[in-house]
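Working notes for the structure below.
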Amino acid sequence: MSDQYLDLTGTGAVRVLTITRPEKLNALNRATLAALRARLDALADEAALRVLIVTGAGPKAFVAGADIAEFDGFTADAAAAYARAGQAVFDRLESMPVPTIAAINGYALGGGCELALACTFRLMADTARLGLPETSLGLIPGFGGTQRLARAIGRQQALELILTGRQVSADEAVRLGIVLRSVPAAALMDEAQALADQLAARAPLALRYAREAIADGLDRPLADGLAAEARLFGLAAATEDMREGVRAFLEKRPATFTGR
């Protein structure tokens, strides 16, 4: 499947969704955001899908940001509406029923960094750069960057990166906790595929409930988080996949999970 700004490859448990505006360093214009939302909505309903990898076309950029040409003439109300529309797309990505992996192959700046932050995991090529440079334009991050980055790495570190607009290397991004691993650029997609295969072999509903338990519990008192964990543990225990997993363990064979 392909369209003007996106390319989707793979037909099985793991798919690769590529942003394809290499002549604009894969910058996110309104049309790309709309196409991304539509594609994510369609993928969310695909029962065979287990993991989605997101990357950018070409050797230079993952996504170099939003399309600045569309900012000219913004009023306060128009800009706020634009931010809310972008946030809705990235919220959809974050809430996908399957894990997502950002394979950061090049510049991930502004909206590109925010796109990566909405994924479950982030792998970064050792040649890539990441940052939120919006203050250099007289703006702030508007697609979730102020919220997701602070939750990922803490208030002080997020403030420093956002207020200065400083770009970070893959090694520093790992040290700060923004990305999971730095990977040699030539091996990035192989590494992303290997992680995706690992995840795809697990029980899909268990992965979904585990992600939900962590997301729900992080911003709540421990007692509330533990209650949510127990509830989700109960839901997992009632699945056919749990029964298959236990049988496979006792029979010393690989489990075959069906997502039921």
Given the options Glu23, Glu94, Glu70, name the one that is of a type in the set (D, E, K, R) and exposed (fewer than 13 other Cβ atoms within 10 Å of the Cβ). Glu23
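Okay, residues lined up against (1) surrounded by fewer than 18 Cβ atoms within 10 Å (Cβ to Cβ); (2) closer than 29 Å to Thr18 by Cβ; (3) not assigned by TED's automatic domain parsing to the domain that holds Gly58:
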site	(1), (2), (3)
Ala185	yes, yes, no
Arg211	no, yes, yes
Arg231	yes, no, yes
Thr239	no, no, yes
Checked against (1) under 30 Å from Ser169 (Cβ atoms); (2) of a type in the set (D, E, K, R); (3) buried (at least 17 other Cβ atoms within 10 Å of the Cβ); (4) more than 17 Å from the chain's Cα centre (by Cα), Glu191 satisfies every condition except (4)
Determine if region 49-58 includes at least one residue that is more than 17 Å from Cys119 (Cβ to Cβ), at pLDDT below 95 and surrounded by 15 or more Cβ atoms within 10 Å (Cβ to Cβ). yes
Assess whether Ala215 counts as being within 16 Å of Thr120 (Cβ to Cβ) and surrounded by fewer than 18 Cβ atoms within 10 Å (Cβ to Cβ). yes
Here is a list: Leu232, Leu205, Leu159. Which entry is within 23 Å of the chain's Cα centre (by Cα), part of a helix (DSSP H, G or I) and closer than 29 Å to Gly110 by Cβ? Leu159
I want to confirm something. Restricting to region 122-162 and keeping residues that are more than 22 Å from Phe71 (Cα to Cα) and without any contact (Cβ under 8 Å) to a residue 24 or more places away in the chain, which single residue is surrounded by the most Cβ atoms within 10 Å (Cβ to Cβ)? Ala158
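The values are calculated or read from the model by the stated rules, or taken from the named source; none is laboratory data. This structure is a prediction, so every number in the text was calculated from the model and none was measured. Neighbour counts run over all protein chains shown; Cβ positions are idealised from the backbone, glycine included.
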